1. Where a ≥ b ≥ c are the square roots of the eigenvalues of the C-alpha gyration tensor, would you call chain A rounded, which needs a/c under 1.5, or, failing that, prolate if a/b is larger than b/c, or oblate?
2. Give me the percent relative contact order of segment A:108-267, please, defined on Cα pairs under 8 angstrom at least 6 residues apart.
3. Using a label position 7 Å from Cα in the Cα→Cβ direction, what is the ascending list of nm distances from A:Asp113 to the same site in the other copies?
4. For A:Lys110 and B:Ser267, what is the calculated FRET efficiency with R₀ set at 35 Å and r taken between the beta-carbons, to the nearest 0.05?
5. Running a GNM on chain A with Cα contacts under 10 Å, which residue among A:Leu93, A:Leu35, A:Leu222 ends up with the highest mean-square fluctuation?
6. Specify the residue with the greatest mean-square fluctuation among A:Val30, A:Val130, A:Val239, computed from a Gaussian network of chain A linking alpha-carbon atoms under 10 Å apart.
7. Starting from the Cα of A:Lys81, draw a straight line to each of the lysines and keep only those under 26 Å, dropping any in the same chain fewer than 8 residues away.
8. Any idea how far apart B:Gln192 and A:Asn150 come out in nm if each label point goes 7 Å out from Cα toward Cβ?
Number of protein chains: 2
Amino acid sequence: MTNHNTSLFSSLLLLSLLALVSLASAHGTVSTYDLQKIKEEESYYRQKKVIDISHKYVPDLPSYASKKGLGDFLNLVGSIKNGSLVNLSTFKLSTHSGTHADAPGHFIDKLFDMGCDADSLDLRTLNGPVLVVDTPRDKNITAEVMRSLNIPRGVKRVLFRTSNTDKRLMHQKEFEPSYTAFTADGAEYLVQNTDIKLVGIDYLSVGINVRDDISKVHYALLGRKDVIPVEGLNLDNVVPGVYTVHCLPLRLVHGDGSPARCILFQS
Amino acid sequence: MTNHNTSLFSSLLLLSLLALVSLASAHGTVSTYDLQKIKEEESYYRQKKVIDISHKYVPDLPSYASKKGLGDFLNLVGSIKNGSLVNLSTFKLSTHSGTHADAPGHFIDKLFDMGCDADSLDLRTLNGPVLVVDTPRDKNITAEVMRSLNIPRGVKRVLFRTSNTDKRLMHQKEFEPSYTAFTADGAEYLVQNTDIKLVGIDYLSVGINVRDDISKVHYALLGRKDVIPVEGLNLDNVVPGVYTVHCLPLRLVHGDGSPARCILFQS
């Protein structure tokens, strides 16, 4: 064996030994590398504050254009007290109950027929960095207000915290028609002059309660197919700033929208 | 003014000028710092693969112990074709339909009365690093199988991919009683010897379909209050490894469980 070969042999032996040590320190199905990754991510998440921005489903949750709220949406059909093995309920909701996402098919029938349903909403839009902004308290979200907010290109998700939050409208059973939302020109400004794809609002509709405006706002946003209005958000405990949002509607095939659970992690 | 003072004064002047420049370059409600943060996080998310691990809600989705599947759960109550301003549906599901989370009150009535409902499930458990493991294909998840998987302490979330996925059971309308899941001693092993708090499984129950076992499995897991079984996961497109999971059930107050949208980001 030449010197060169001896040194190659020694190197290979060393490598094999290292591989063996690494295998021996692996934990069953989990490598030490994976375990380290898990532990690091665990501590990364532990240091971040999590904020629930979804409203609880309760009978008194307000419902669009109704005085009665959601009503009894949950029905305990199997009960341990009555001899069932388990407690088991059914629930019935509108696709636009409480905190929810609109699908393009909600207002645009052609897109409804094309399958633009709750299940088609883009997970990349529904998850990622988000900006929470306060809007001027005495105004709807007009083009002028949008201009003054001056949201730069590159910002894809914005939650608009309005006077709806101050007035605690989502905590009142009776629907409040004078809620704050986008005007037609505000929505038009958003699609023309920003990169916003997720539009969050703190009451039950992203468009003001004027028939012409509410349609135009939804047509402007939903007509783009890639813009997702998320309505009925709970922004009670959120200060303006940058967060990470995870907003996950159910995969309701043919659904014109869906209830969604939405949370923020502090960035 | 002494030399020292002059230098201090110059430094303050420079700092004030820098602050002014930084303000001037801010974009309306968004500081340049925040915009940078958003852009960095956007590119961080863009490079990660996202995997939907929730099943679509469709009439043929299997339903526990039923031959008929979910059936017609969605009802278009307002239709643009029939003159409505919008398409608007209601939907009715069991709290344990499709991909869903169990609340402690599902099997344990005392905890049900104490308010351990779907809304009480810990968001810290439902979001974070997760391990996906393959289980031996010819066995249920027994204590012996759990021992062989050897999942180290510190791992809080595990999705168990079993033969249910190979057999595509969640794609068959008729309920399959011989599905793979935990035996009583497997669940007992999990709570005694691991730190697992989120237990994911790829069919409709975390416990095997034997009355004694299915109860004992649920008592063992749900009795801890801090363990969340997530059932009916879609692991068709997932290979074993480390991911980040976001699994978000609806805030169904008094719900013994809730449908949940669950996704993975590749780590």
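The values are calculated or read from the model by the stated rules, or taken from the named source; none is laboratory data. For clarity, every value in this text was computed on a predicted model and none was experimentally measured. Quick reminder, even Gly has a Cβ in these numbers, built from the backbone with ideal geometry, and neighbours come from all protein chains shown. Calculation scope for accessible area: heavy atoms of the full protein, side chains included, ligands and nucleic acids excluded. Shrake-Rupley method; radii C 1.70, N 1.55, O 1.52, S 1.80 Å.
1. prolate
2. Details: 318 pairs, mean separation 49.5, N = 160.
Once divided by the residue count of segment A:108-267, the mean separation gives 31 percent.
3. Label point to label point, same position, other copies: 5.6 nm.
4. With a Förster radius of 35 Å, E is 0.30.
5. A:Leu35
6. A:Val30
7. A:Lys56, A:Lys92, B:Lys92, B:Lys110, B:Lys216, B:Lys225
8. So the label points at B:Gln192 and A:Asn150 sit 6.5 nm apart.
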